[in-house]
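The values are calculated or read from the model by the stated rules, or taken from the named source; none is laboratory data. Since this is a predicted model, take the numbers as computed values, not measurements. Cβ sites come from the backbone with ideal geometry, for glycine too, and all protein chains shown count toward neighbours. Note: areas computed on protein heavy atoms with side chains; ligands, DNA, RNA excluded. Shrake-Rupley method; radii C 1.70, N 1.55, O 1.52, S 1.80 Å.
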There are 2 protein chains.
Amino acid sequence: MVFMRFCPRLIASSNFRSPKPRIRTLASPPLAAAAAAAARRCCRRVVSMAGQTSEDALRRALAERQAAVGAQAEAVRALKADGAGASKADVDAAVEALKALKVEAGAAARRLQAAVGSGGGGGAAREEMRQAVVNTLERKLFYIPSFKIYRGVAGLYDYGPPGCAVKANVLAFWRQHFVLEENMLEVDCPCVTPEIVLKASGHVEKFTDLMVKDEKTGTCYRADHLLKDYCKEKIEKDLTLSPEKATEFKYVLAVLDDLSAEELGAKLKEYGIVAPDTKNPLSDPYPFNLMFQTSIGPTGLNIGYMRPETAQGIFVNFKDLYYYNGQKLPFAAAQIGQAFRNEISPRQGLLRVREFTELQLSGESAKLVKLGEAVSKGTVNNETLGYFIGRVYLFLTRLGIDKDRLRFRQHLPNEMAHYAADCWDAEIECSYGWIECVGIADRSAYDLRAHSEKSGVPLVAHEKFSKPREVEKLVIVPSKKDLGLAFKGNQKMVVEALEAMSEKEAMDMKAALESKGETNFQVCTLGKDVVITKKMVSISMEKKLEHQRVFTPSVIEPSFGIGRIIYCLFEHSFYTRPSKSEEEQLNVFRFPPIVAPIKCTVFPLVKNQEFDDAAKVIAKALTTTGVSHIIDTTAISIGRRYARTDEIGVPFAVTVDSATSVTIRERDSKEQIRVDIDEIASVVRQLTEGQSTWADVSAKYPSHVGPQGDQE
Amino acid sequence: MVFMRFCPRLIASSNFRSPKPRIRTLASPPLAAAAAAAARRCCRRVVSMAGQTSEDALRRALAERQAAVGAQAEAVRALKADGAGASKADVDAAVEALKALKVEAGAAARRLQAAVGSGGGGGAAREEMRQAVVNTLERKLFYIPSFKIYRGVAGLYDYGPPGCAVKANVLAFWRQHFVLEENMLEVDCPCVTPEIVLKASGHVEKFTDLMVKDEKTGTCYRADHLLKDYCKEKIEKDLTLSPEKATEFKYVLAVLDDLSAEELGAKLKEYGIVAPDTKNPLSDPYPFNLMFQTSIGPTGLNIGYMRPETAQGIFVNFKDLYYYNGQKLPFAAAQIGQAFRNEISPRQGLLRVREFTELQLSGESAKLVKLGEAVSKGTVNNETLGYFIGRVYLFLTRLGIDKDRLRFRQHLPNEMAHYAADCWDAEIECSYGWIECVGIADRSAYDLRAHSEKSGVPLVAHEKFSKPREVEKLVIVPSKKDLGLAFKGNQKMVVEALEAMSEKEAMDMKAALESKGETNFQVCTLGKDVVITKKMVSISMEKKLEHQRVFTPSVIEPSFGIGRIIYCLFEHSFYTRPSKSEEEQLNVFRFPPIVAPIKCTVFPLVKNQEFDDAAKVIAKALTTTGVSHIIDTTAISIGRRYARTDEIGVPFAVTVDSATSVTIRERDSKEQIRVDIDEIASVVRQLTEGQSTWADVSAKYPSHVGPQGDQE
């Protein structure tokens, strides 16, 4: 359940989407050079779908081997049978052959198992790695299960002290990278949102997942999850599965998101899927709205919801923001804040799903309207998207996301909702697979139009012409009197249909009326054709002077799931190294300084007044220069203290071993340099703010290889 | 409805509070010297309550004058009557005297009006000032009414671009001032909170306001608001009010918060108060819970609420935080986040009330436990509170809150909830009166005990003794067999009552049993006395070695209403000055640089390539040094551009009038200095980061009095 995905899915009347990863290169180069290069780099990644064929071959090979084993076993039985008259040597040879075939079949089964097992055999290793990360994250209070003393709530996690610091750093960098560097207009809207807003946006009607209930206990499950689990289990664990059946299950997985309630229900029944905990029968699937509902004010009549996305707050403020920007397009608006989703059965561990901090940008671009006019079809659109893809790539990799486990996936044409011109997801690979962390959707003019219509406030932009333009305009004037006489109660529908005609339709009708006096006309809202006569409508093309163009701008909407990004960042930053005693693994987070919860630790090497005083002097200087730090004066060995600071990803450690000069240790290389006390703060600041690298300072200051052991 | 107030009010069994402001000096000096000085400064302010007597005198004087007018009118009528035989001169003199008395009475009425009118005559000026601030704030998009295109929701406001920047700056400074400088442990918990947590904290039962309904339309009002409005209106507008009646209304205002539903209902009936909009009769008052309710997960059975305060998230995490802190006390924890309150009828304009960002600190202090042991009664308590008062004072005044409109008010002993040892509010004066913006409450061990009890997880701290201590311990061993025989189904209640005896009760029982063999014993849960015999219980004092003390720590909880602080900051920072043409007032926000939404604007004096290029060079240097800025190249006069930048509180404006050196203008003094282009970024950075003052740079660089006019 990736939260940006719902954007194109929201209001889609038909919604085909395949979960198969697919990569395309950009159609045209993005706007800025750095972004262009970045976008090229990140789009090189192509996901191999070649595995499929080899898996088929393995299944067939296994089936053949098993058939051969069966046949040989039969042969052995026949040889051994009374009256077969086979010599002992023949029987022995046949048994040997059977054994050999069994060994072969076993190897084929193992090869298939390795190919289909989760992560192709790496599943266990991945699980183990995740457990090591999660243990460290929970032990060091990066995360705490929310309301733990009350046995918690699934899908809700608190950030503890280092987690909070990382989150604050990521948000600050996001604001710097996007809002400040791109002069975006930031807004901050309430979480409680009145129903009318979310009716207009389509969330009240469409923001649902299909749910089934255990018919006896009432426990709820996501219908697609149950079907997915069943199919995956079959594919990965059932080695006797025929290639045809395996293909069927894979097809089901591929179209999972497209299945209607009825289709899902039929599949559950066909496969005999029951409630996983109790084995009770399940209800038919029915939609469950994922918004947390509440009511505003005391009457109970005013329904509100906790916002499911932060984008709507930007759309409803379009008019004010447009004026604030001097009525100029394009501009971008941004919002940082909580969004809420009442998941049916959250189950991805530390990937927070019920509440998440969303970072929302909306770039309203005048140029995109040219698209709507079908002038330069698709080109500009891709350029703007491409620019954001580049900026997002830079943002994520600077945070520390591994560029080899980051990909941008363009939605296939048939995945796209009817209003979406294009949509790209930034996906990050972690132990849960590829996770959608950023969605970059071209929402076109859909939302602004929806809110204009519902609120009656035109959310439009104006383009003043330098000189008035003469335009030909289609003018359709229905004669309400004649239409009323002819159609009575249906008059309104006929009038609306007439006024909604395209230029071609209208000119065709004009010609027909002029030649024949009357014509058939289909009124969709009535579901039938009516006869229109000449006196019922006047159609003409008139020349008019226009001073400006009024239009609804299109919107590109990149949306960031900050909790998911942070979790992936933790996995990508984590590694272990053996301790000197090699008895234990030491955990390290290789956070870049901008992300690290604390930039620097200060350790007096041994406990004495002189070192403690020097540590205080250094701490004060660090405070003044604005470098976050902690002093660790516990009486444990320096090696253990280094291990402790590595485990929360502190990049630099200052060890006070004299009152005049001290050492700085870099976390990942474990190298140390010696620096005078009065220079420490500025050296550490330069390192943490990126003005100098470790290589720079290593070249400048003497390296230190002293008696202070790095590890126990 | 000031949000910190509910803390001591929440769970109070009896709750007397007077809204009269009252100041006390601190009982003992706070911990840190700077904080001590600050606390002394801010506590000097004593609110005068002397006005009351002079108002009484004015009411009496007016009544006397009106009586004199009546008497004289009667005399005139008598003189004029047929048969009175009064001379024309006598009548004329009497009429003149009547006129003079009327003039006197008029003057007395005006004096009374001035004394009782809202703000003592300053009401109109205050209203006008507020309107000017609010107009500027809304026009420059500091605030936008939420969901404005749908006619908004009372009590919900968005922050627009400059408002967001101010909020981000205030939060960053808060984190620096409290979390980083004091090494607090930050947490970040979900907004959606399961019911059990808020049952334990008392919010489900007690977090209510009394509401009345229009009996015909169903419109809801806060009962106390209606009574308050009625009394204020009477006092301020009804000049014929007797001093006795005026005193009664004032008394009602003073005890407003203490009135029960019944008392409030009786007062509404007594005064004949009806629905303000329709004049329909009102229902009796009944409690309305102010939490937004929702349900977690799809079953509808798991009730949740949007958290009403951020403190509970800290309390439920106590155990993990205590271990994280190396099991040492005291420590402090902090949380920044939204809190939610479903107000019945929000009505304080831009003071956001339904959702607000709360900043929560909880300092758990071991020392406070000594209080619980009644060792050093009250002293430590006040010291800790005093320290926080000092820190809060420094925080608020550095943000730009006017120290003369800031006060700290200690709750009176009879205002205090039963669990609160002490409580201070930081109140800021704005056009709405004195607003509680920060509450600093000693919540004692109340919340930790409540959650321990409800969750079954002991939220306690341990103090290891350096050597074991011998303690005498009361040991009560009920004989369940004998008790079971005697009390059957009531056995459990009797056992619990026996085990709950205090040392004195137990020793009295022991004595009685030893002398008489049996004794009467009251079992509250049974509501009666039972007879306990000697064999039913053994009571003894035993010596034991104790290695540690286990206790529930006390909590000091400062809580910040960030939206209120920001609104007050806007009012305190706002002023107007005449433009040169004197045709209009120019608006200025005198934000200190740390608060200002943008630190610096860059203006090419006139539009030409050379100046534009220089402006870009400067902008790039500002970006590199991390100074937020905008370039304004619009073709309007430099004076108008200054006015525009003043109106959003930008402290420094760089005007590019040559390609080598440019000017920096300081917003409030309007003074300008001339600085070389390559020095600009570092000079502005020093100014905005507080490393140099305007006086410093004025002394160093030549001042500029050029042809560039400051205003139109």
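Which lysines, on any chain, are close to B:LYS279 with Cα under 21 Å apart, when same-chain ones fewer than 8 places away are left out?
Result set, ordered by chain and number: B:LYS213, B:LYS216, B:LYS228, B:LYS232, B:LYS234, B:LYS237, B:LYS267, B:LYS269.
If I ignore ligands, DNA and RNA and count only protein heavy atoms, how much of A:ARG111 is accessible to a 1.4 Å probe, in Å² to the nearest 10?
Number for this one is 120 Å².
Cα to Cα, under 12 Å, and not fewer than 8 places away if on the same chain: which aspartates and glutamates meet these conditions relative to B:LYS99?
none
Using the Cα centre of the range A:52-116 as origin and beta-carbon charges of +1 (Lys, Arg) and -1 (Asp, Glu), tell me which of A:VAL95, A:GLY85, A:ALA114 is placed farthest towards the positive end of the dipole.
The Cα lying farthest towards the positive end belongs to A:ALA114.
Not counting ligands, DNA or RNA, and with a 1.4 Å probe, what is A:VAL471's accessible surface area in Å² rounded to the nearest 10?
Ignoring ligands and nucleic acids, A:VAL471 comes out at about 40 Å².
Which of the residue pairs A:LYS199/B:LYS148; A:LYS140/B:LYS319; A:LYS167/A:LYS616 have a Cα-Cα distance greater than 18 Å in the structure shown?
A:LYS167/A:LYS616
How large is the Kirkwood hydrodynamic radius of the range A:164-274, counting all unique pairs of alpha carbons, in Å? Show your work: numbers first, answer last.
Values: mean 1/r = 0.0543 Å⁻¹.
Over the range A:164-274, the inverse of the mean reciprocal pair distance is 18.4 Å.
Work from the charge dipole of the range B:598-700 (Cβ charges, +1 for Lys and Arg, -1 for Asp and Glu, about the Cα centre) and give the residue of B:SER637, B:TRP694, B:VAL662 farthest towards its positive end.
B:SER637
Please name which of A:PRO558, A:GLN548, A:GLY517 has its Cα lying farthest along the dipole of the range A:490-582 towards the positive end, using unit charges on Cβ (Lys, Arg +1; Asp, Glu -1) and the Cα centre as origin.
Final value for the positive-end residue is A:PRO558.
Using the 7 Å Cα-to-Cβ label point, sort the distances from A:ASP402 to its equivalents in the other copies shortest first and give them in nm to one decimal.
Result, one decimal in nm: 5.9.
Among A:TYR230, A:TYR322, what's the order by accessible area (1.4 angstrom probe), most exposed first?
A:TYR230, A:TYR322
For A:161-168, what's the mean count of beta carbons from other chains sitting within 10 Å of each residue's beta carbon? Before the final figure, lay out each step's value.
Working: counts 13, 3, 3, 9, 4, 0, 2, 7.
Mean shielding by partner chains, rounded to a whole number: 5.
Sorted by accessible area with a 1.4 angstrom probe, largest first, how do B:GLU666, A:GLU610, A:GLU343 fall?
Reading off the accessible areas and sorting them downward yields A:GLU610, B:GLU666, A:GLU343.
What is the magnitude of the charge dipole of the range A:466-551 about its Cα centre, with +1 placed on the Cβ of each Lys and Arg, -1 on the Cβ of each Asp and Glu, and no other charges, expressed in debye to the nearest 20?
Values: 16 positive and 13 negative charges, 51 e Å.
In debye, rounded to 20, the range A:466-551 gives about 240.
Taking all protein chains together and a probe of 1.4 Å, list A:ASP238, B:ASP82 from the most accessible to the least accessible.
Listed by decreasing accessible area, they come as B:ASP82, A:ASP238.
Place a +1 charge on the Cβ of each Lys and Arg in the range B:51-116 and a -1 charge on the Cβ of each Asp and Glu, then give the dipole magnitude about the Cα centre in debye, rounded to the nearest 20.
Rounded to the nearest 20 debye, it is 200 debye.
Scan the range B:156-258 for GluC sites (Glu not before Pro) in coil per DSSP, keeping those whose Cβ has at most 16 other Cβ atoms within 10 Å, and list them by number. Each step should come with its number before you reach the end.
On the way: sites: B:GLU181, B:GLU182, B:GLU186, B:GLU195, B:GLU205, B:GLU215, B:GLU233, B:GLU236, B:GLU244, B:GLU248; in loops: B:GLU181, B:GLU182, B:GLU215.
Here the sparse-neighbourhood loop sites are B:GLU181, B:GLU182, B:GLU215.
What are the nm distances, shortest first, from B:ASN183 to its equivalents in the other copies, labels at 7 Å along Cα→Cβ?
Between copies, matching label points for B:ASN183 lie 4.5 nm apart.
Would you kindly calculate the translational diffusion coefficient of the range B:467-548, applying Stokes-Einstein with the Kirkwood radius from alpha carbon pairs, for 25 °C and a viscosity of 0.890 mPa s, and quote it in µm² s⁻¹ without decimals?
In µm²/s, the coefficient is 182.
Other chains' Cβ within 10 Å of A:311-318 residues: what's the mean?
Details: counts 0, 1, 4, 1, 1, 7, 8, 1.
Counting Cβ atoms of other protein chains within 10 Å of each residue's Cβ and averaging gives 3.
Could you pull the accessible area for A:ILE144 with a 1.4 Å probe, rounded to 10 Å²?
About 0 Å², ignoring ligands and nucleic acids.
Other chains near A:141-147: what is the mean number of their Cβ atoms within 10 Å of each residue's Cβ?
6
How large are Rg and Dmax for the range B:51-116 when only the alpha carbon atoms are used, in Å?
Here Rg and the maximum Cα pair distance are 15.0, 50 Å.
Residue of A with Cβ nearest the axis relating A to B, plus distance in whole Å?
A:THR294, 2
List the distances, in nm to one decimal, from the label point of B:ALA93 to the label points of the same position in every other copy, shortest first, placing each label point 7 Å from Cα along the Cα-to-Cβ direction.
16.1
For the range A:233-302, state which trypsin sites (Lys or Arg not before Pro) are in a DSSP loop and have at most 10 other beta carbons lying within 10 Å of their beta carbon.
Sites meeting the loop and neighbour criteria: A:LYS279.
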